[in-house]
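Structure first, commentary second.
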Amino acid sequence: MTKENLNPFEIAQHQLDEAAEHLQLAPAMHAFLRDPMREFHFSIPVRMDDGSTRIFKGFRVQYNDARGPAKGGIRFHPDETIDTVRALAAWMTWKTAVADIPLGGGKGGVICNPRELSQTELERLARGYMRRIARFIGGTHDVPAPDVYTNPQIMAWMLDEYEAIKGTHEPGVITGKPLPLGGSAGRTAATAMGGIIAIREAAKTLGMDLQGATCAVQGYGNVGSYAVKLASEVLGLKVVAVSDEFGATYSKDGLQYDDLNRHLRRAGQVAGMDGTENITNADLLTLEVDVLIPAAIENQLTGRNASDIKAKIVAELANGPTTPDADDILNANGVFIIPDFLCNAGGVIVSYFEMVQNSYQLYWDEEDVNRQLDRKMSQAFAGVYKMSQAQGVDMRVAAYLVAVQRVAEAVQLRGWVA
Ligand code: GLU
């Protein structure tokens with residue numbers, strides 16, 4: 001077997017190529033959409049607590065802004081590369097298009113291990129990153145947000161640094177902020193909530209009863225932990241397995257969100273709770289469950305493990321968890337995949353609501369946010385499902401067809417590419 005290509009940007013380009021062929025996209029349009037419009041690389045010196053200075057590498061990619069300001073999170077991750085950021089920025093472009101919100105796609109990243117940084121070092125890194133990108137971002141052209149290992153506190157430091165540089169209040173320059181600084185109700189849970197709505201819609205089309213059906217969640221960060229909570233609260237799913245970077249835990253009777261959090265606070269990891277069984281992350285993915293939710297990082301379902309996946313629905317709350325080889329195998333085995341940039345669009349949809357609230361200076365309550373989120377997610381799901389039926393393609397290809405068509409139309413209307 002040839003070794004699988006796991007470069008996320010080459011995977012993103014491969015996925016686009018497939019859509020371009022279906023859409024018979026003109027060669028110049030295809031070439032334009034295959035690469036980022038603009039990208040920035042910078043080095044960020046940070047004074048460490050011991051008095052030394054470390055130089056971190058950071059990136060911001062504005063992949064495409066034909067439909068509106070570039071939009072997408074900033075990741076702090078030790079394995080970050082420019083190609084990961086490019087792929088994530090491309091997926092943001094398709095995500096905002098499939099959700100039909102007036103935004104483009106972008107992404108940022110810093111190569112660092114936040115676990116090895118103190119809070120004061122993290123703050124100096126966040127402010128240093130903002131000093132590098134402040135001149136290139138803004139509410140009308142590029143709006144960052146949280147992603148893997150960044151959070152509302154980091155957004156608050158970045159907002160403060162930006163406003164200090166500009167000398168003005170401009171809360172809409174960044175989303176995922178804490179509520180007192182202009183954040184939106186419902187934003188923290190939004191990515192998971194959007195995924196829960198997508199699973200509900202998928203189950204309807206499949207005629208599947210979710211009440212008491214089983215579920216496994218890979219990853220227990222912001223997205224995974226809310227997915228565990230909402231899967232049982234909203235859908236009545238029984239979450240039998242959960243993992244984090246240290247390992248995984250299984251209970252056939254179901255894991256309770258509050259118990260997990262109590263244990264996590266004490267033990268620093270999800271595994272090892274009384275009355276549960278320790279399993280590996282690899283075991284979790286191949287469990288006999290109805291719904292599998294990858295909510296960690298890219299390249300988790302690959303050509304090596306895809307044929308062992310037993311779930312009926314794979315709901316991709318992570319970005320890029322499934323490789324093209326795995327896609328082929330899962331599709332052949334009749335697994336219903338809710339593709340990442342559809343399934344996890346809830347986060348950026350509520351980020352968009354946050355921008356709207358910031359510009360109106362008028363704030364909605366959580367019920368209103370969730371009602372609007374439900375409407376947007378249900379419409380996006382229905383549009384992709386309809387495309388998959390009409391074209392006889394799987395949900396990922398269908399999502400690309402909907403999104404790429406929308407972006408290409410905007411590019412053409414602007415007269416960038418004929
Ligand atoms: N980082 C999230 C994502 O990948 C949210 C992006 C945003 O809200 O701009 O979708």
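Based on alpha carbons, the Rg and Dmax found for the range 1-107 are 16.4, 58 Å. The listed peptides 318-328, 352-362, ordered by packing as a protection proxy, come out as 318-328, 352-362 (highest mean of other Cβ atoms within 10 Å first).
Checking every one of the trypsin sites (Lys or Arg not before Pro) in the range 170-216 against DSSP loop status and a limit of 11 other Cβ atoms within 10 Å picks out no site at all. Between the amide H of residue 248 and those of 279, 281, distances stay under 5 Å, these residues lying 5 or more places away or on another chain, with hydrogens modeled in the peptide plane. Quick one: Debye curve from the alpha-carbon atoms of the range 133-172 only, equal weights, vacuum; give me log10 I(q)/I(0) at q = 0.22, 0.27, 0.28 Å⁻¹ to two decimals. Cα-only, vacuum Debye calculation for the range 133-172: -0.71, -1.02, -1.07. For the chain, relative contact order (Cα pairs under 8 Å, six or more residues apart, normalised by length) works out to 16 percent.
Looking only at the chain, where both bridge partners belong to it, what percent of the DSSP beta bridges are antiparallel (to the nearest 5)? If I count the DSSP bridges inside the chain, around 50 percent turn out antiparallel. The alpha-carbon of residue 95 sits under 19 angstrom from the alpha-carbons of these lysines, leaving out residues fewer than 8 places away in its chain: 71, 107, 376, 386. Using a cut-off of 31 Å between Cα atoms, the listed pairs 177/310; 204/252; 3/57; 57/177 include 177/310 as exceeding that distance. Expressed as a whole number of Å, what is the distance separating the alpha-carbon centroids of the range 148-189 and the range 394-418? Rounded to whole Å, the Cα centres lie 30 Å apart.
Here's how it looks for residue 101: its modeled amide H is under 5 Å from none belonging to a residue 5 or more places away or on a different chain. Solvent-accessible area per residue in the chain equals 41 Å², computed with a 1.4 angstrom probe and all protein chains kept. Remark: the range 377-383, residue by residue, has Karplus-estimated 3J(HN,Hα) of 5, 5, 5, 4, 4, 4, x Hz, where x stands for each Gly or Pro and the curve is 6.51 cos²θ - 1.76 cosθ + 1.60 at θ = phi - 60°. Using the Karplus relation 6.51 cos²θ - 1.76 cosθ + 1.60 with θ = phi - 60°, the per-residue 3J(HN,Hα) values for the range 4-19 come to 6, 7, 9, 6, x, 6, 5, 5, 4, 5, 4, 5, 5, 4, 4, 5 Hz, with x marking Gly and Pro.
A simple rule links phi to the HN-Hα coupling: the Karplus curve 6.51 cos²θ - 1.76 cosθ + 1.60 with θ = phi - 60°, which for the range 199-210 gives 5, 4, 5, 4, 4, 4, 5, 8, x, 9, 8, 8 Hz, with x for Gly and Pro.
Here's how it looks for residue 301: its modeled amide H is under 5 Å from those of 322, 323, which are all 5 or more places away or on a different chain. Rounded to the nearest 20 debye, the dipole size of the range 152-226 about its Cα centre is 200 debye, using +1 on the Cβ of Lys and Arg and -1 on the Cβ of Asp and Glu.
Any aspartates and glutamates with Cα under 13 Å of the residue 238 Cα? List them, leaving off those in the same chain fewer than 8 positions away. Here the aspartates and glutamates satisfying the reach criterion relative to residue 238 are 209, 253, 288, 290. When the trypsin sites (Lys or Arg not before Pro) in the range 217-299 are filtered for DSSP coil states and for at most 15 other beta-carbon atoms within 10 Å of their beta-carbon, the remaining sites are 252. The residue 49 and residue 211 beta-carbon pair, evaluated with R₀ = 41 Å, returns a calculated FRET efficiency of approximately 0.20.
The values are calculated or read from the model by the stated rules, or taken from the named source; none is laboratory data. Since we're looking at a predicted model, the values are computed, not measured. With ideal geometry, Cβ positions are generated from the backbone for all residues, glycine too; neighbour counts draw on all protein chains shown. Quick note on the areas: whole protein, heavy atoms, side chains included, nothing else; ligands and nucleic acids left out. Shrake-Rupley method; radii C 1.70, N 1.55, O 1.52, S 1.80 Å.
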